[in-house]
Structure formats: C-alpha cells, structure tokens
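*Asks:* Below you will find the structure I want to go over with you.
Each value in this text was obtained by applying a stated rule to the coordinates, not by laboratory testing. These numbers come from a predicted model, not from an experiment. Here Cβ is always computed from backbone atoms with ideal geometry, including for glycine, and neighbour counts include all displayed protein chains.
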Amino acid sequence: MTTEAIHYDPYDFALSADPYATYARLRDEAPLYFSEEHDFYALSRYGDVEAGLRDAVTYSSSRGNIIEFIKAGFEMPSGVVIYEDPPTHTLHRAVLSRVFTPKKMAALEDRIRQYCAACLDPVVGSGGFDLIDEVAAAVPMRTIGMLLGIPEDDQRAIRDRPEADMHTTDGQPLKVSADFASGAAFADYVDWRMEHPSDDLMTLLIAAEIDDGRGGTRRLERSEILTYVNVLAGAGNETTRHLIGWAGKVLADHPEQRRELASDPSLIPNAIEELLRFEPPAPFAARYVTRDVVLHGATVPEGSVMLFVIGAANRDDRRYDDGDDFDIHRAVGAHLTFGFGIHYCLGAALARLQGRIVLEELLERFPDWTVDVRGAQLAPSSTIRGWATLPMVLP
Ligand code: HEM
C-alpha cells in the first residue's frame, strides 16, 4: 500500500479531466490505495473491483455509494434501492424491475428515435451545434419522462434538481443534505396521477402490490413512490447524457473508426459497449466496510470507506489487451460501467438503447465532425464524469 508515492484526489478537477495515467499507477503501484487527506481506501484493478462489488456483505451500500454520503452517516430513506442492502434491497428492487422489462424498453424505441430526429434535423446544414444542449441533455430527460409519464413542461425542472445537487467545487468534497431523495419535485404529479391513471411507470408504481414482509401484500406509500421516481430520474439522466457526450468526443478523436461506423451501422452496438468501457460516466462506486478485511497484505478496518474505481478497472491490462486503446472491434465482453452484483444498473438496457439510437441518427446525418476543444467543458462533478458543453464542428 502506498500513501505517498502517488497522490490521488478524486476532488481535483485537473486530475478528473485526464485521470488515466494516475489510474494506471494506482493499479500497478498501489492496488490498495489509502488517502490520508480524505480518509478513504481505493481499489482499482478489475478483479478487485468486481470481487468487491460482488460482496455486498463486506461492502455495504446502506450509507450511500459516494464518499460524502457514507461519511455523513445519514439515515437513508426507504426505497432508495441504490442505497440499500438485502433484504430490503431485494424487495424494493423487485418493484422497479417490473418496469424495466425488455418488452417495455423496446416499446420506447420508435418514440426515442422520433424525438432524436426532431433534435437533429434542425441542425442539418448548419456549421455545427452543441451536442449536449441539442441532444445529450434532451434525449435521456425525454426518455425517462416517457417512461414515468411526466408531462413535457415539467421535465426540465425535474432533470435540473438532482444535477444541481451533485455539482461540486474544484478540490472540495460534495456538500450533502439528508433530504436528497425526498422526491418533492414530483409530489403534485404523483397526486394527479393517482386520480388519472395511465399506462406509465408512475401508474404502475401506484398500483403495485408488494410483499409486506408478513406473508401478505400491500400498496406502496406515497412517500415511497416519490422516492422511487426520484431515484430513477437521478440515476438515469446525467449518466446517459454523458454516454452520448463521450460518444461525440471519443469518435471525434478516432475519425477512422467513426467513418467505419457510419458506413456499417451494424458495428454500433459493440461501439457503444466499447465507449461505455472506455469512458464510464459513473467512474466510482463507494461502500461502507462492515468488517475488517485484508487486501494486498494490509488490513482495511471495519468502518472505513472503500472507493471502487470503475474507471480504472475498465482499462486494466490484466483484463483487456491494451486497455487504454479505444477499439470498436474489441470483443468487449463484461465491463464494470453499470456496476456488478446485486446493484447492477437497472437502466442498463435503456441506456444502451438510447446510446445506439442517438449514434445511429447522428452518423446517418453527420459522418464527419470535429470538436472545438476550446469551447468544450467538463461538468463540475466529482461523482460522475462527462461534458457540460461539447461544440461539434461540421465540415
Ligand atoms: C450510461 C448510463 C448509466 C450508467 C453509466 C449507470 C451506472 C450505474 C451504476 C454504476 C450503478 C451501480 C451503483 C452501485 O453499485 O453503487 C447503477 C445502478 C442503478 N441505475 Fe444506472 N446507470 C446508467 C443509466 C441508468 C438509467 C437510464 C436508469 C433508469 C432510468 C438507471 C437506474 C439505475 C438504478 C435504479 C440503479 C440502482 C440499482 C440497485 O441498486 O439495485 N441507470 N447505475
């Protein structure tokens, strides 16, 4: 374990802009890293991250999955599945899983494509556009809105709230507050939906019968519905936006591979997997350590915070040949971008679907683009990673 040779600070924006050389050093020189400054441990090798995320007993999610939440020690509200351990996690995840069936996802495809076309058609013939404003921020918000059944006018306010909560200042941990999952932004809408059922997710949650833990079933409480909806809106918007943003940036950096995709769209699904591996929008998952554990010859004491560095694991040469190379022909196989084990992302199929549709529609209209790097800006967040603005220049 090295504490001095490598300085790894997840709150340092300059490092976050290009973390991969540091990640390589972490994997090779400090596979178990301890940050004295911020008091957390970090694992960065693929095998260690996968094994840790699989072990939900040693590594608990019940205090949150970002360092700041775990340290704050809030009482987590019931229903925030991402912050629960079994048995409650199993119960609550089962409710949400009903919504994310392949059939329900496939039913959204045409509507997402139409919306995407409506975003892109107006910029055809222009000299360029901001990929984030025009597409990447708009499509995930609209898709979750379709899934939840949120009226269009309300969608932007709902998207902006969880994001504002996650923005940080360079060098500083996130300032967290205990009401993060109250879902207050959705309250009026849930009340209205109770009176006006439809075929959307909100209606499904209102009508859901869940195990009451005493051998019977019960309906979800209003506060639980609000929490579920808030979790979905928070988990699915900015992450998917960053997948789309990274597609724009990475394919600008690899024009030959982009042209190949434009001439053979059947390569797009694998290119999406490679993009997910190469630039994961959620590069970390943190956990509370519930018992002493020995790793790489050192003891991590009970009560510590463990940071699983997904962004480092995904490029580990022990797992992938030339992990730092982007290659749309790579047999990507499993990666850790959607997590691993019991908390594996429930929206993975929906994120992949959106990524594929956006890339298909983009490449059909614009086989060539570059990025104006001076105008591009990374979003100010230490928990997720991607572009806040990405000006695309068209030939
Ligand atoms: C590219 C886009 C996405 C990425 C990179 C991503 C990443 C992740 C990761 C890493 C986890 C596991 C966190 C942990 O173990 O602590 C997770 C869980 C989750 N994600 Fe996603 N996600 C994406 C899109 C979505 C979408 C579109 C939705 C829903 C609309 C969604 C809903 C969820 C939920 C509900 C969980 C919690 C599952 C559980 O705890 O059992 N995600 N996601």
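*Asks:* Name, by its number, the condition in (1) within 30 Å of His89 (Cβ to Cβ); (2) more than 16 Å from the ligand (Cβ to nearest atom); (3) of a type in the set (Lys, Arg) that does not hold for Arg241.
*Replies:* (2)
*Asks:* Still on this model: Tally the residues that are touching a residue at least 60 places away in the same chain (Cβ under 8 Å) and closer than 15 Å to Leu147 by Cα, restricting the search to the range 225-242.
*Replies:* Here is the first cut: in the range 225-242, the ones touching a residue at least 60 places away in the same chain (Cβ under 8 Å) are 227-242.
Imposing the further condition that a residue be closer than 15 Å to Leu147 by Cα reduces the set to 228-237, 240.
Residues flagged as touching a residue at least 60 places away in the same chain (Cβ under 8 Å) and closer than 15 Å to Leu147 by Cα within the range 225-242 amount to 11.
*Asks:* Every residue in the range 193-218 that is under 25 Å from Thr143 (Cβ atoms) and touching a residue at least 60 places away in the same chain (Cβ under 8 Å), please.
*Replies:* Result: Leu201, Leu204, Leu205, Ala208.
*Asks:* Please enumerate the residues belonging to the range 45-89 that are in contact with a Phe, Trp or Tyr (Cβ under 6 Å, 6 or more places away or on another chain) and assigned to a loop (DSSP other than H, G, I, E, B).
*Replies:* Residues satisfying the conditions are Ser61, Arg63, Gly64, Met76, Gly79.
*Asks:* Please state which one of Arg93, Arg113, Arg142 is in a helix (DSSP H, G or I), over 15 Å from Met392 (Cβ atoms), in contact (Cβ under 8 Å) with a residue 24 or more places away in the chain and more than 16 Å from the ligand (Cβ to nearest atom).
*Replies:* Values: Arg93 fails: more than 16 Å from the ligand (Cβ to nearest atom); Arg142 fails: more than 16 Å from the ligand (Cβ to nearest atom).
Criteria check complete, one pass: Arg113.
*Asks:* Restricting attention to strands (runs of 3 or more DSSP E) lying wholly within the range 289-387, give those where 1 or more residues are within 16 Å of the ligand (Cβ to nearest atom) and in contact with a helix residue (DSSP H, G or I) (Cβ under 7 Å, 6 or more places away or on another chain).
*Replies:* It comes to 305-309.
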